[in-house]
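The values are calculated or read from the model by the stated rules, or taken from the named source; none is laboratory data. All values derive from a computational prediction rather than experimental measurement. FYI the Cβ positions are ideal-geometry reconstructions off the backbone, even for glycines, and counts take in every protein chain you see. Only protein heavy atoms, including side chains, enter the accessible area calculation; ligands, DNA and RNA are left aside. Shrake-Rupley method; radii C 1.70, N 1.55, O 1.52, S 1.80 Å.
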Amino acid sequence: RNCAMEQSLHITFRHYEHLADLPAEDRELVEAAVVATARAYAPYSNFRVGAAARLSCGQVVSAANVESEAFPSGMCAERSLLYYCSSAYAGERVQTIAIASDPSERECYPCGACRQGLLDVERRQGTTIRIVMAGGGTATVVESAESLLPFTFML
């Protein structure tokens with residue numbers, strides 16, 4: 001007997017062919033993420049990633065990736081930023097995060113661990129986080145980390 005039922009997922013996103021078409025607040029975050037790439041420590045991969053977040057208080061904060069000789073002990077820009085926000089801005093919610101890379105031939109998407117980290121923060125703060133993934137002169141925006149990780153891990 002076959003009890004399988006076919007189902008489908010629908011993911012909504014906005015794609016911008018030109019960064020100039022992004023809303024001004026998102027462009028500001030992308031620019032802050034690009035600036036943060038210069039602070040990355042990536043001597044092994046030479047792939048510098050920056051992330052910038054707008055908090056509920058209006059503050060914009062940013063972070064970059066940090067690699068380690070003891071791979072995989074480094075930390076991605078997104079999780080560096082989220083952990084910093086959780087400690088230094090504990091009462092604030094992360095509203096939007098932008099991600100950029102250098103080199104930036106294509107849009108920069110978060111790894112699986114960062115996708116889970118974004119979901120964890122969404123659950124803790126009780127609100128979604130808009131994610132702006134930029135690179136190559138374009139950007140894609142999703143309204144929640146769940147769009148990037150629909151089959152999420154939960155205890």
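Annotations
- Residue pairs meeting the criteria (Cβ under 8 Å; at least 6 apart or on separate chains; first closer than 15 Å to LEU55 by Cα, in the range 124-147; second open to solvent by 20 Å² or more (accessible area, probe 1.4 Å) and aliphatic (A, V, I, L, M)): ILE131/LEU148
- The set of residues in the range 71-122 that are of a type in the set (D, E, K, R), part of a helix (DSSP H, G or I) and either over 11 Å from the mean Cα position of the chain (by Cα) or surrounded by fewer than 18 Cβ atoms within 10 Å (Cβ to Cβ) (or both) comprises ASP120, GLU122.
- Selection within the range 60-70 - in contact with a helix residue (DSSP H, G or I) (Cβ under 7 Å, 6 or more places away or on another chain) and either part of a loop (DSSP other than H, G, I, E, B) or closer than 15 Å to ALA98 by Cα (or both): VAL60, VAL61, SER62, ALA63, ALA64, ASN65
- Per-region count, the range 78-106, residues out of contact with any Ser or Thr (no Cβ under 7 Å at 6 or more places or on another chain) and closer than 18 Å to VAL142 by Cα: 9
- In the range 123-140, of all residues being in a loop (DSSP other than H, G, I, E, B) and of a type outside the set (Gly, Ala, Ser), the one that is most open to solvent (accessible area, probe 1.4 Å) corresponds to THR128.
- Going through (1) under 22 Å from VAL121 (Cα atoms); (2) open to solvent by 90 Å² or more (accessible area, probe 1.4 Å) one by one, MET5 falls short only on (1).
- Filtering the range 46-68 to residues that are open to solvent by 60 Å² or more (accessible area, probe 1.4 Å) and not charged (D, E, K, R) leaves ASN46, PHE47, CYS57, GLN59, VAL66.
- Positions within the range 11-39 being open to solvent by 20 Å² or more (accessible area, probe 1.4 Å) and of a type in the set (A, V, I, L, M, F, W, C), in sequence order: ILE11, PHE13, LEU19, ALA20, ALA24, ALA32, VAL34, VAL35, ALA38
- The residues listed here are ALA64, ALA20, ALA36; of these, the one that is under 19 Å from CYS108 (Cα atoms) and either more than 18 Å from the chain's Cα centre (by Cα) or at pLDDT below 95 (or both) is ALA20.
- Hits in the range 1-59 (condition: closer than 13 Å to MET133 by Cβ, aromatic (Phe, Trp, Tyr) and not in a loop (DSSP other than H, G, I, E, B)): TYR16
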